[in-house]
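Beneath this line is the structure, given in structure tokens, with notes to follow.
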Amino acid sequence: MSYPFTAVVGMDDMRLALLLNAVSPAVGGVLVRGEKGTAKSTTVRALAEVLPAVDVVSGCRFACDPATPDPACPDGPHDPGAPGHTRPARLVELPVGASEDRVVGALDLERALTEGVKSFEPGLLAAAHRGVLYVDEVNLLHDHLVDLLLDAAALGTAYVEREGVSVRHASQFLLVGTMNPEEGELRPQLLDRFGLTVEVAAPRDPGERAEVVRRRFAHDADQTGFAATWAAEESALAARIAAARARLPYVLLSDGALQQVTAVCAAFDVDGLRGDIVTARAAIAHAAWCGREEVTEDDVRVAARLALPHRRRRNPFDAPGLDDGTLDQALSDSRPDDDGPDDDGPEGSPPPRPSDDVRSDRTSPAGADGDAGGTAAGADGDRAPATAPRGEGGGSTSAAPATDRTAVAPSDPFRIRRLEVPGIGAGTAGRRSRARSERGRVVGSTRPPGTVTRLHLTDTVLAAAPHQVARGRSGPALRIAREDLRQATLEGREGNLVLFVVDASGSMGSRARMGAVKGAVLSLLLDAYQRRDKVGLITFRGADAELALPPTWSVEAAATRLRDLPTGGRTPLAAGLLRAHEVLRVERVRDPQRRPLLVVVTDGRATGTRGGHAVADAHASAALLAAAGTASVVVDCETGPVRLGLAATLGAHLGGPTLSMDELAADSLAATVRSVRKVA
Ligand SMILES: [Zn+2]
């Protein structure tokens with residue numbers, strides 16, 4: 001039994017965003033960002049319980065509405081008088097590891113070819129039609145699947161095509177994604193396609209936290225009793241959603257209100273017009289939700305706060321959120337002549353917070369007075385970036401220099417050429433190294449042990465050809481048997497674990513040089529983010545090596561560690577490499593499919609407690625990594641007129657290429673000409 005939606009404490013922005021989408025699915029879904037343990041999933045699952053029930057044609061696997069059945073329904077066409085029934089709106093969860101067939105549905109190519117029958121097994125997009133499609137950890141979902149989802153969400157249609165056989169069916173759903181930004185960001189292009197985004201955090205107020213625990217205990221002890229306590233709340237909320245849906249088509253967006261929408265979007269420098277459209281739709285939904293028939297300034301403010309924060313972000317290291325001062329200014333500058341009766345606050349006074357608005361609209365059951373805590377106010381306004389650096393205020397909002405005086409600021413990042421792991425892997429889809437995958441180009445075929453999902457037509461025909469006479473072929477049609485079917489082998493790209501080993505010692509010399517090195521590593525991190533890699537960071541200086549960041553999806557966290565990295569002291573290169581060896585050994589057990597790429601950023605110098613043996617120790621460590629089959633690249637930081645070329649020697653021991661910082665850049669012509677330089 002799911003937790004009642006109305007019993008969720010706090011999470012006001014999230015609940016409001018979900019409700020606005022429940023009222024108007026055209027708003028385009030919600031992306032919820034926040035740390036673990038904030039009841040994000042509980043809240044999403046609770047939503048389905050308060051959504052209005054749906055009428056469906058009995059026996060239709062595609063949830064056709066008896067009043068307006070989908071003319072293209074694969075289970076149709078349905079008779080106008082087809083029997084129907086009412087069932088609750090569905091919540092369909094899409095697991096991160098789902099295959100494309102699982103999501104869009106599977107066409108049975110074997111039946112199509114051998115029997116001439118078009119047979120389609122519906123996927124999650126069909127199951128979610130007229131309900132909620134929920135993706136937890138949406139940031140870890142392969143880009144291609146996110147694209148599929150967002151396309152279906154935008155068009156209201158799912159489309160499957162395999163080898164010329166295609167199926168199309170209606171797929172309208174409320175898309176909800178949740179993610180923990182510490183585990184990696186969503187690509188900005190995808191971020192912008194979610195209608196609304198909200199940030200959630202656990203309540204800071206002890207009273208409110210206590211209420212969360214109290215309700216959770218009560219729920220776990222007696223779910224039926226708990227549900228009964230909240231039944232009246234739940235049905236009131238369900239009724240309110242239904243009423244708002246009915247009111248929605250009658251809500252007026254005046255020219256004045258529209259002007260405020262566009263003024264706000266312009267003030268926040270929002271690209272394109274999607275932001276304006278979503279803000280307008282969300283404002284209309286909010287008016288309907290509040291029982292109004294005309295959009296007010298307050299509706300626009302609420303809508304902008306939910307619809308715009310993710311549309312103005314420029315790079316993954318920027319802090320989320322929307323500046324309230326700018327928002328109020330844009331709203332007041334674009335305010336139509338002051339004759340609106342709906343403008344209830346005197347000018348200059350702070351406008352009511354949308355979170356207060358939701359709260360005032362919701363009645364709490366008797367005895368649940370802990371609900372009134374002001375956490376939402378604490379959580380919005382000045383939101384700290386999700387990945388606060390250790391002990392720092394988290395005030396840096398871009399890749400700008402860190403405030404820490406002891407740390408050297410990185411130089412500007414640049415575009416990196418692709419560094420790859422040699423050979424062909426089988427890891428999770430990404431954009432770095434070659435791999436066998438579900439997507440990509442066809443490189444051959446196999447006789448599949450199970451069902452065919454990607455038919456290799458030519459090889460299938462070739463396999464069938466020799467048997468035609470024996471099978472008694474008489475007409476023009478080829479006689480294809482099951483054993484002729486060939487599965488295409490595809491090659492795409494995988495993401496890797498990029499483990500950085502960075503020299504932070506005095507060997508790296510001047511601050512300017514360290515700045516350049518940090519800039520290069522920051523560029524490599526940005527590149528890893530775009531290629532969907534996991535990253536880790538080991539630094540070495542002074543007495544030992546430090547695992548500054550264990551392998552993670554959060555490139556932001558790595559960037560923060562890098563910026564704050566202190567420098568100077570001895571150069572224990574061997575210790576850095578040994579640490580890498582240990583980390584990779586553990587990761588091989590933890591995530592065996594993910595192939596690692598070691599990136600050693602050094603000038604190849606080594607000093608240590610063993611004096612003259614330091615270089616030899618480093619080379620021995622390097623040989624150990626090479627023996628374990630670790631793919632590696634050395635980035636040579638040596639500069640100046642006299643060069644020792646020590647980094648290249650290290651690269652040779654590692655068995656990988658050595659690149660200068662210039663050669664690291666994607667757009668450097670020299671990089672492609674000189675390419676991989678190997679020193680024997
Ligand atoms: Zn149907």
**Item:** Filter pass, THR6 being over 22 Å from the mean Cα position of the chain (by Cα) and within 16 Å of the ligand (Cβ to nearest atom)
**Value:** no
**Prompt:** Of all residues in the stretch 611-642, how many are farther than 26 Å from ARG418 by Cβ and surrounded by 13 or more Cβ atoms within 10 Å (Cβ to Cβ)?
**Reply:** 10
**Prompt:** Out of all the residues in the stretch 226-239, which are surrounded by fewer than 19 Cβ atoms within 10 Å (Cβ to Cβ) and within 16 Å of LEU18 (Cβ to Cβ)?
**Reply:** GLU234, ALA238
**Asked** Mind checking which residues of the stretch 43-53 are β-branched (Val, Ile, Thr) and within 16 Å of ALA239 (Cβ to Cβ)?
**Response** VAL50
**Prompt:** Given ARG162, ARG111, which one is surrounded by fewer than 21 Cβ atoms within 10 Å (Cβ to Cβ) and in contact with a helix residue (DSSP H, G or I) (Cβ under 9 Å, 6 or more places away or on another chain)?
**Reply:** ARG162
**Request:** Consider only pairs whose beta carbons are under 7 Å apart and that are at least six residues apart or on different chains; among these, list those whose first residue lies in the stretch 224-248 and is closer than 19 Å to ALA7 by Cα and whose second residue is surrounded by fewer than 17 Cβ atoms within 10 Å (Cβ to Cβ) and of a type outside the set (A, V, I, L, M, F, W, C).
**Result:** THR229/PRO365; TRP230/PRO365; GLU233/PRO365; ALA238/PRO52; ILE241/PRO52
**Item:** Residues of the stretch 80-101 satisfying the condition of being in a loop (DSSP other than H, G, I, E, B) and either out of contact with any strand residue (DSSP E or B) (no Cβ under 9 Å at 6 or more places or on another chain) or away from the ligand (no atom under 16 Å from the Cβ) (or both)
**Value:** PRO80, GLY81, PRO88, ALA89, LEU94, PRO95, VAL96, GLY97, ALA98, SER99
**Message:** Cβ-Cβ distance below 8 Å, separation of 6 or more or different chains: which pairs start in the stretch 64-83 with a residue that is free of Cβ contacts under 8 Å to residues at least 24 places away in the same chain and end on one that is of a type in the set (D, E, K, R) and within 11 Å of the ligand (Cβ to nearest atom)?
**Reply:** ASP75/ARG61; GLY76/ASP70
**Message:** Between ALA559, ALA580, ALA543, ALA574, which is out of contact with any strand residue (DSSP E or B) (no Cβ under 6 Å at 6 or more places or on another chain), within 20 Å of GLY651 (Cβ to Cβ) and small (Gly, Ala, Ser)?
**Reply:** ALA574
**Top-ranked residue in the stretch 166-184 [being away from the ligand (no atom under 16 Å from the Cβ) and assigned to a strand (DSSP E or B); ranked as surrounded by the fewest Cβ atoms within 10 Å (Cβ to Cβ)]** = SER166
**Message:** I'm told SER41 meets every condition in (1) within 16 Å of the ligand (Cβ to nearest atom); (2) under 30 Å from ALA218 (Cα atoms); (3) polar (S, T, N, Q) except one. Can you identify the failing condition by its number?
**Reply:** (1)
**Fill in**
Of the residues in the stretch 494-526, those that are closer than 22 Å to ARG585 by Cα and among the small types (Gly, Ala, Ser) come to GLY495
**Request:** Taking only the stretch 197-215 into account, find how many residues are surrounded by fewer than 21 Cβ atoms within 10 Å (Cβ to Cβ), among the hydrophobic types (A, V, I, L, M, F, W, C) and not in a helix (DSSP H, G or I).
**Result:** 2
**Asked** Out of curiosity, is VAL535 β-branched (Val, Ile, Thr), touching a strand residue (DSSP E or B) at 6+ places or on another chain (Cβ under 9 Å) and modelled with pLDDT of 85 or more?
**Response** yes
**Request:** Considering (1) charged (D, E, K, R); (2) at pLDDT below 85; (3) within 16 Å of the ligand (Cβ to nearest atom), say which one GLU35 fails and leave the rest.
**Result:** (3)
**Prompt:** If you go through the stretch 506-520 one residue at a time, do you hit one that is part of a strand (DSSP E or B) and free of Cβ contacts under 8 Å to residues at least 40 places away in the same chain?
**Reply:** no
**Message:** Given (1) in contact with a Leu (Cβ under 9 Å, 6 or more places away or on another chain); (2) surrounded by fewer than 20 Cβ atoms within 10 Å (Cβ to Cβ), identify the lone condition not met by GLY156.
**Reply:** (1)
**Prompt:** Only one residue in VAL117, VAL146 is modelled with pLDDT under 85, more than 16 Å from the ligand (Cβ to nearest atom) and under 26 Å from LEU20 (Cβ atoms). Which one?
**Reply:** VAL146
**Prompt:** Of all residues in the stretch 526-544, which are hydrophobic (A, V, I, L, M, F, W, C) and surrounded by 24 or more Cβ atoms within 10 Å (Cβ to Cβ)?
**Reply:** ALA528, VAL535, LEU537, ILE538, PHE540
**Asked** Got at least one residue in the stretch 436-446 being among the hydrophobic types (A, V, I, L, M, F, W, C), over 30 Å from ARG588 (Cβ atoms) and exposed (fewer than 15 other Cβ atoms within 10 Å of the Cβ)?
**Response** yes
**Message:** Out of the residues in the stretch 103-162 meeting the condition of being of a type in the set (Val, Ile, Thr) and not in a strand (DSSP E or B), tell me which one is nearest to GLY492 (Cα to Cα).
**Reply:** VAL146
**Request:** Six or more apart or on different chains, Cβ under 8 Å: which pairs go from a residue in the stretch 37-52 that's in contact (Cβ under 8 Å) with a residue 24 or more places away in the chain to one that's aromatic (Phe, Trp, Tyr) and in a helix (DSSP H, G or I)? Could you list them?
**Result:** THR43/PHE5; ALA46/PHE5; LEU47/PHE5; GLU49/PHE5; VAL50/PHE5
**Asked** Within the stretch 46-60, which residues are surrounded by 18 or more Cβ atoms within 10 Å (Cβ to Cβ) and either within 9 Å of the ligand (Cβ to nearest atom) or among the basic types (Lys, Arg) (or both)?
**Response** VAL56, VAL57, CYS60
**Item:** Test result for VAL135, away from the ligand (no atom under 16 Å from the Cβ), among the aliphatic types (A, V, I, L, M) and in contact with a helix residue (DSSP H, G or I) (Cβ under 6 Å, 6 or more places away or on another chain)
**Value:** no
**Request:** Give the residue that is surrounded by the fewest Cβ atoms within 10 Å (Cβ to Cβ), with candidates limited to residues of the stretch 64-79 that are more than 7 Å from the ligand (Cβ to nearest atom) and under 18 Å from ALA158 (Cα atoms).
**Result:** THR68
**Complete:** Checked ARG209, ARG215, ARG168 against criteria (more than 19 Å from the chain's Cα centre (by Cα), charged (D, E, K, R) and within 30 Å of VAL56 (Cβ to Cβ)); the one match is ARG168
**Asked** Which one is modelled with the lowest pLDDT among residues in the stretch 607-655 that are within 19 Å of GLU582 (Cα to Cα), of a type in the set (A, V, I, L, M, F, W, C) and not in a helix (DSSP H, G or I)?
**Response** ALA628
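The values are calculated or read from the model by the stated rules, or taken from the named source; none is laboratory data. Computed from a predicted structure; not experimentally measured. Note that each Cβ is placed from the backbone with ideal geometry, even for glycine, and that neighbours are counted across all protein chains shown.
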